[in-house]
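Report on the structure given below.
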Amino acid sequence: MEDMLKNRGFLASQKPKVFEKSLFIEFMGDSPTIRILDYLMTERDLDFSITDMARNAGVGRTTLYRIWENLIGNKIIIPTRVIGRSRLYKLNKDNIKIKKLIEIDDALMMEELKKHAGKEIEIPA
């Protein structure tokens with residue numbers, strides 16, 4: 001495996017990441033769009049470059065570019081600022097569809113916490 005990675009130009013510190021499926025990905029299905037949504041919902045208050053978004057979500061940049069117009073067109077992500085030559089984007093938390101997906105993600109996490117805690121957890125209204 002190590003030789004194969006070296007042959008492809010990877011250094012030891014650059015081995016491809018293996019991503020564990022989140023509750024959201026298990027529930028919604030594993031696709032590039034869901035991986036991007038999952039990552040952005042996890043880091044909902046931060047903004048990212050396209051490269052960082054792809055790397056941290058476990059999606060290839062080419063794949064992200066393929067779904068990019070859908071993400072922008074549906075106002076799932078919005079541009080936030082420009083740093084040097086990089087444009088940064090973040091999850092559009094004002095989009096009603098994103099609000100509903102965040103509710104689902106939060107509900108999945110609470111359900112999992114309840115399962116592990118073995119007791120009811122109050123959710124403030």
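The values are calculated or read from the model by the stated rules, or taken from the named source; none is laboratory data. Quick caveat, the model's predicted, so the values are computed rather than measured. Here the Cβ positions follow ideal geometry from the backbone for every residue, glycine too, while neighbour counts run over all protein chains shown.
Values for this structure:
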{"item": "Meets criteria (without any contact (Cβ under 8 Å) to a residue 12 or more places away in the chain, hydrophobic (A, V, I, L, M, F, W, C) and surrounded by fewer than 13 Cβ atoms within 10 Å (Cβ to Cβ)) for I72", "result": "no"}
{"item": "Tally, over the range 12-41, of residues that are closer than 19 Å to A54 by Cβ, loosely packed, with under 10 Cβ neighbours inside 10 Å and at pLDDT below 50", "result": "2"}
{"item": "Test: residue in the range 49-68 that is over 13 Å from the mean Cα position of the chain (by Cα) and within 19 Å of K97 (Cβ to Cβ)", "result": "yes"}
{"item": "Residue list for the range 88-105, filter: out of contact with any strand residue (DSSP E or B) (no Cβ under 6 Å at 6 or more places or on another chain) and charged (D, E, K, R)", "result": "K93, D94, K97, K99, K100, E103, D105"}
{"item": "Flag for D94 being at pLDDT 95 or above, exposed (fewer than 13 other Cβ atoms within 10 Å of the Cβ) and within 24 Å of P124 (Cα to Cα)", "result": "yes"}
